[in-house]
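**Student:** Below you'll find the structure I mean.
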Amino acid sequence: MGFTAQQIRDLNIQFKGIPAEEIIAWAIQNAKRPVVTTNFRPYEVAILHAVANIKEDIPVIWCDTGYNTPNTYKHAEDLIHRLGLNIKLYVPKQTASHRDAIMGIPGIDDPNHKKFTEQVKLEPFRRALSEHTPDVWFTNLRKGQTALRDTLDVLSLSKDGVLKVSPFYHWNDAQLDVYLTDRGLPNEHKYFDPTKVLENRECGLHT
């Protein structure tokens, strides 16, 4: 699949207001190796449910930092079984206990923060992409989450040319709450990302 920047701009205009399911179906039809990524954060269940409904066996890449809350791990296990997710788990090469003993969880201004993020998130993610070589990457990016994400849209190209598809990009929390309620799906609000520290800060995967 190859799209010019102009084609992507035109499609984004067309896709604004289109149901998420239609966007996903279009992307699946045009994909050879689609994947969806998740960390089971709040509202991730929406993208997982919507994509798995259209392509049951799609690889679901979960890069588990090892620092999720007990609630998030229980939520993840529930969704994996409830939705029949084809989970592909990637974890850091070093255990959380080992890392905690050496550096703990560094703050944003700590020189070790970059190294920490590389170990727990970026390296496992690169490993996942190199093994799956996707041409389409479904994400739950939404407008208003971070400054970077406000510059994206339903469709965007990653720096290595993968088409990122964010079918819920223009949805707000209230709209997603209705989506989940209508389908009897659980949400998760006790999520913790040790690499972001601040909610409106990028974790690194989308830069």
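**Student:** Where does the chain land at 222 nm, in deg cm²/dmol rounded to the nearest 500, when only DSSP H runs of n ≥ 4 count, each adding -39500 (n - 2.57), divided by all residues?
**Tutor:** On the way: 8 runs with 80 residues, N = 207.
Computed ellipticity for the chain at 222 nm equals -11500 deg cm²/dmol.
**Student:** Determine, for His49, His75, the number of other Cβ atoms within 10 Å of each Cβ, and report the residues in order from fewest to most.
**Tutor:** His49, His75
**Student:** Quick check: from the Cα gyration tensor, does the stretch 67-165 come out rounded (a/c under 1.5), prolate or oblate?
**Tutor:** oblate
**Student:** Need the full-extension length gain, Gln7 to Val178, defined as separation in residues times 0.36 nm minus the C-alpha distance. One decimal, nm.
**Tutor:** Stretched fully, the Gln7-Val178 segment lengthens by 58.4 nm.
**Student:** I'd like the antiparallel share, as a percent to the nearest 5, of DSSP beta bridges with both residues in the stretch 5-183.
**Tutor:** DSSP beta bridges in the stretch 5-183 are roughly 20 percent antiparallel.
**Student:** Also, I was wondering about something else. Cut-off is 10 Å between beta-carbons; in what order do Trp137, Trp171 appear when sorted fewest neighbours first?
**Tutor:** Trp171, Trp137
**Student:** For Phe192, list long-range residues whose amide hydrogen, built 1.01 Å from N in the peptide plane, is under 5 Å from its own amide hydrogen.
**Tutor:** Thr69
**Student:** Something else about it: Want the number for Asp109 to Leu89: 0.36 nm per residue separation, take away the alpha-carbon distance, what's left?
**Tutor:** Result: 4.2 nm gained on full extension.
**Student:** Could you tell me which residue out of Gly161, Val91, Tyr191 lies farthest along the dipole of the chain toward its positive end? Charges go on the beta carbon: Lys and Arg +1, Asp and Glu -1, centred on the Cα centre.
**Tutor:** Gly161
**Student:** What ³J(HN,Hα) values, in whole Hz, does the Karplus curve 6.51 cos²θ - 1.76 cosθ + 1.60 give for the stretch 44-58 when θ = phi - 60°, with x put for Gly and Pro?
**Tutor:** 4, 4, 5, 5, 5, 5, 5, 6, 5, 5, 9, 9, 4, 9, 4
**Student:** On to the next question. Order by neighbour count: Tyr73, Tyr67, fewest other Cβ atoms within 10 Å first, most last.
**Tutor:** If I rank by nearby Cβ atoms, fewest first, I get Tyr73, Tyr67.
**Student:** Work out how far the C-alpha atoms of the stretch 5-183 reach from end to end along every principal axis, then list the three figures in whole Å, largest first.
**Tutor:** 51, 36, 32
**Student:** How far is helix 173-183 tilted off the main Cα axis of the chain, in degrees rounded to 10, range 0 to 90?
**Tutor:** 80
**Student:** Name the long-range amide H neighbours of Thr37: under 5 Å, sequence gap of 5 or more, or other chain; modelled H, no Pro or chain starts.
**Tutor:** Close amide H contacts, sequence-distant or interchain: Ile61, Phe138.
**Student:** Under unit Cβ charges (Lys, Arg +1; Asp, Glu -1), what dipole magnitude, rounded to 20 debye, does the stretch 5-183 have relative to its Cα centre?
**Tutor:** The calculated dipole for the stretch 5-183 is roughly 380 debye.
Read-outs: derived from the displayed coordinates by stated rules, not from any lab. Keep in mind the model is a prediction, meaning the values are calculated, not measured. Quick reminder, even Gly has a Cβ in these numbers, built from the backbone with ideal geometry, and neighbours come from all protein chains shown.
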